[in-house]
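Colleague: Encoded as structure tokens, here's the structure I'll be asking about.
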Ligand code: AMP
Ligand code: GLY
């Protein structure tokens, strides 16, 4: 019987745990988590609570459990070299080594890689280790985006118009960042519609999963601050209403070239997930950033659709045999909505910001899947902790049906919770379609 180690404690990992347990090979799951996720715990043979910056503890648990391989969910353990530590102990993993995880952890590494290997998709950009030359470069850009080098928990990117307005503010922000980071990347602000293309990679072969669109803004109509993601959708034809097959092919072609470049640059094959955050602009597909893992929420859109045995997919990634596999996803539409505490994503000084820890009750949920995130199981019931609480996923033949399934299930979750009712609805989707039409018309 196959024993599998899963590292991570969010809804993304709950979806991964479910995909593992769905395997016909009846695998046993051993889960290493920062905090207990009752959804993952219920699917696990054994759990171990610990820190992601202590690879030795993870290796000790993996050894004791005699796992055949590991699946790493979040970026934190990757950035602390857990895959390297497991490899030293003879345990292979779905997830890149620390050096390869720079694809996510260092924005400058990735931009430089694309440039060095002549891979399309970069906006105009420059990396700075000191403030020399920043001002002159800022003058060359119409719109500015500033990215600190290093992992920033997805909250470090500063976009003109959102986080700052003027060039002089941009200059001051760069100077500040350089006090606490080794470098800063300054780049041209791209305009268009964003999409996530999560690809499986065994070091040589890259296989795309269906594209997904995430919604980062906290409130309806994309208002409010950016969050980790309030929900996402994917369509039955494995395209998106604003995205055709040639744009998906463009994004996949970029990712294939990046996988190849990574191997040439480091000498190590990338085994894991390459999740490209792309944007379709009036001049084609551009790269916003790569992540070295599945997206959260996007994993919840695609993993439930996977018809191929996930254990076989993991083995193919590890053994370098993805080219011999036919990986099939169900032709269904999915809509994921995150149920969050009402105070989620609000500034610290907001009166409701503290109301993140409360009891919730889940009534009858029909047809939807629930993936737990920041949820604590106490003797008297389920409590939200600090962050996004439950990912609710509707799956159906059409986006409209999937949206309704998700919405009905969200309605069955009672407590001081909030969600975005507009995600996956036709009016919001049509806005995206119209946005692209307008951009393309302007470019003619
Ligand atoms: P985060 O997920 O917090 O790292 O933020 C990434 C977000 O910043 C993306 O989803 C985009 O919305 C935005 N972003 C990053 N780079 C650019 C860019 N060059 N042009 C426009 N928006 C960008
Ligand atoms: N959906 C955004 C992320 O996983 O980074």
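The values are calculated or read from the model by the stated rules, or taken from the named source; none is laboratory data. This structure is a prediction, so every number in the text was calculated from the model and none was measured. Every residue, glycine as well, gets a Cβ built from its backbone with ideal geometry; the counts of neighbours run over all protein chains shown.
Colleague: Going by what's in this entry, would residue 144 be described as modelled with pLDDT of 95 or more, near ligand 1 (Cβ under 10 Å from one of its atoms) and under 25 Å from the mean Cα position of the chain (by Cα)?
Modeller: yes
Colleague: Can you pull out the residues in the range 395-412 that are more than 22 Å from the chain's Cα centre (by Cα) and outside any helix (DSSP H, G or I)?
Modeller: Passing the criteria: 396, 397, 398, 412.
Colleague: Could you tell me whether residue 316 is within 25 Å of residue 220 (Cβ to Cβ), more than 16 Å from ligand 2 (Cβ to nearest atom) and touching a residue at least 60 places away in the same chain (Cβ under 8 Å)?
Modeller: The answer is no for residue 316.
Colleague: Let me ask something else about it. Based on what the data block shows, is residue 258 away from ligand 2 (no atom under 16 Å from the Cβ), assigned to a strand (DSSP E or B) and either touching a residue at least 12 places away in the same chain (Cβ under 8 Å) or closer than 30 Å to residue 170 by Cβ (or both)? Spell out the reasoning first.
Modeller: Numbers: away from ligand 2 (no atom under 16 Å from the Cβ): yes; assigned to a strand (DSSP E or B): no; either touching a residue at least 12 places away in the same chain (Cβ under 8 Å) or closer than 30 Å to residue 170 by Cβ (or both): yes.
Against the criterion (away from ligand 2 (no atom under 16 Å from the Cβ), assigned to a strand (DSSP E or B) and either touching a residue at least 12 places away in the same chain (Cβ under 8 Å) or closer than 30 Å to residue 170 by Cβ (or both)), residue 258 does not qualify.
Colleague: Would you please list the contacts, defined by Cβ atoms under 6 Å and residues six or more apart or on different chains, that run from a residue in the range 270-285 that is farther than 14 Å from residue 242 by Cβ to a residue that is in a loop (DSSP other than H, G, I, E, B) and more than 13 Å from ligand 1 (Cβ to nearest atom)?
Modeller: Pairs that qualify, where the first residue is farther than 14 Å from residue 242 by Cβ and the partner is in a loop (DSSP other than H, G, I, E, B) and more than 13 Å from ligand 1 (Cβ to nearest atom), are 270/96; 270/100; 270/203; 271/202; 271/203; 272/95; 272/96; 273/294.
Residue by residue, here is whether (1) surrounded by 15 or more Cβ atoms within 10 Å (Cβ to Cβ); (2) farther than 29 Å from residue 100 by Cβ; (3) within 16 Å of ligand 2 (Cβ to nearest atom); (4) at pLDDT below 95 holds:
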| site | (1), (2), (3), (4) |
| --- | --- |
| 227 | yes, no, yes, yes |
| 230 | yes, yes, yes, no |
| 235 | yes, yes, no, no |
| 238 | yes, no, no, no |
| 241 | yes, yes, no, no |
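Colleague: Also, quick follow-up: Can residue 258 be described as away from ligand 1 (no atom under 16 Å from the Cβ) and within 25 Å of residue 396 (Cα to Cα)? Break it down stepwise before answering.
Modeller: Working: away from ligand 1 (no atom under 16 Å from the Cβ): yes; within 25 Å of residue 396 (Cα to Cα): no.
Taking the combined requirement at face value, the residue does not satisfy it.
Colleague: Say we look at the range 150-173 and pick out the residues that are assigned to a loop (DSSP other than H, G, I, E, B) and near ligand 1 (Cβ under 8 Å from one of its atoms); which of these is modelled with the lowest pLDDT?
Modeller: My answer is 154.
Colleague: For the range 179-193, does any single residue satisfy the condition of being part of a strand (DSSP E or B), within 16 Å of ligand 2 (Cβ to nearest atom) and either modelled with pLDDT of 95 or more or within 21 Å of the chain's Cα centre (by Cα) (or both)? Step through it out loud before you land on a result.
Modeller: Going through the range 179-193, the residues part of a strand (DSSP E or B) turn out to be 184-188, 193.
Right, trim to within 16 Å of ligand 2 (Cβ to nearest atom) and you get 193.
Among the residues that remain, those that are also either modelled with pLDDT of 95 or more or within 21 Å of the chain's Cα centre (by Cα) (or both) are: 193.
Within the range 179-193, one or more residues are part of a strand (DSSP E or B), within 16 Å of ligand 2 (Cβ to nearest atom) and either modelled with pLDDT of 95 or more or within 21 Å of the chain's Cα centre (by Cα) (or both).
Colleague: So for the range 68-88 (the condition being assigned to a loop (DSSP other than H, G, I, E, B), farther than 25 Å from residue 182 by Cα and more than 16 Å from ligand 1 (Cβ to nearest atom)), does at least one residue qualify? Steps first, please.
Modeller: First pass over the range 68-88, keeping only residues assigned to a loop (DSSP other than H, G, I, E, B): 68, 73-74, 80-81.
Retained after the next criterion (residues that are farther than 25 Å from residue 182 by Cα): 68, 73.
Filter again for more than 16 Å from ligand 1 (Cβ to nearest atom), leaving 68, 73.
So far as the range 68-88 goes, yes, one or more of its residues are assigned to a loop (DSSP other than H, G, I, E, B), farther than 25 Å from residue 182 by Cα and more than 16 Å from ligand 1 (Cβ to nearest atom).
Colleague: Just checking, how many residues over the range 273-290 are more than 14 Å from ligand 2 (Cβ to nearest atom) and either within 22 Å of residue 321 (Cα to Cα) or outside any strand (DSSP E or B) (or both)?
Modeller: 2
Colleague: Tell me, please, whether a residue that is touching a residue at least 40 places away in the same chain (Cβ under 8 Å) and within 13 Å of ligand 2 (Cβ to nearest atom) can be found in the range 319-333.
Modeller: no
Colleague: While we're on this one: Take the residues in the range 103-149 that are over 18 Å from residue 173 (Cβ atoms), touching a strand residue (DSSP E or B) at 6+ places or on another chain (Cβ under 6 Å) and assigned to a helix (DSSP H, G or I); name whichever of them is farthest from ligand 2 (Cβ to nearest atom).
Modeller: Checked the range 103-149; the qualifying residue farthest from ligand 2 (Cβ to nearest atom) is 111.
Colleague: In the list 214, 222, which residue meets the criterion of being within 19 Å of the chain's Cα centre (by Cα), free of Cβ contacts under 8 Å to residues at least 12 places away in the same chain and either crowded, with 22+ Cβ neighbours inside 10 Å or within 16 Å of ligand 2 (Cβ to nearest atom) (or both)? Walk me through how you get there before you give the answer.
Modeller: Details: 214 fails: free of Cβ contacts under 8 Å to residues at least 12 places away in the same chain.
Answer to the check: 222.
Colleague: What number of residues within the range 1-56 satisfy the criterion of being under 25 Å from residue 388 (Cβ atoms), more than 21 Å from the chain's Cα centre (by Cα) and in a helix (DSSP H, G or I)?
Modeller: Residues meeting the conditions: 5.
Colleague: On to the next question. Condition (residue is assigned to a loop (DSSP other than H, G, I, E, B), within 16 Å of ligand 2 (Cβ to nearest atom), within 22 Å of residue 227 (Cβ to Cβ) and out of contact with any strand residue (DSSP E or B) (no Cβ under 7 Å at 6 or more places or on another chain)) applied to the range 291-298: is it met by at least one residue?
Modeller: As a first pass, look at the range 291-298 and keep what is assigned to a loop (DSSP other than H, G, I, E, B): 292-297.
With the extra rule that they be within 16 Å of ligand 2 (Cβ to nearest atom), the set shrinks to 292-297.
Right, trim to within 22 Å of residue 227 (Cβ to Cβ) and you get 292-297.
Now drop any that are not out of contact with any strand residue (DSSP E or B) (no Cβ under 7 Å at 6 or more places or on another chain), which leaves 296.
Yes, some residue in the range 291-298 is assigned to a loop (DSSP other than H, G, I, E, B), within 16 Å of ligand 2 (Cβ to nearest atom), within 22 Å of residue 227 (Cβ to Cβ) and out of contact with any strand residue (DSSP E or B) (no Cβ under 7 Å at 6 or more places or on another chain).
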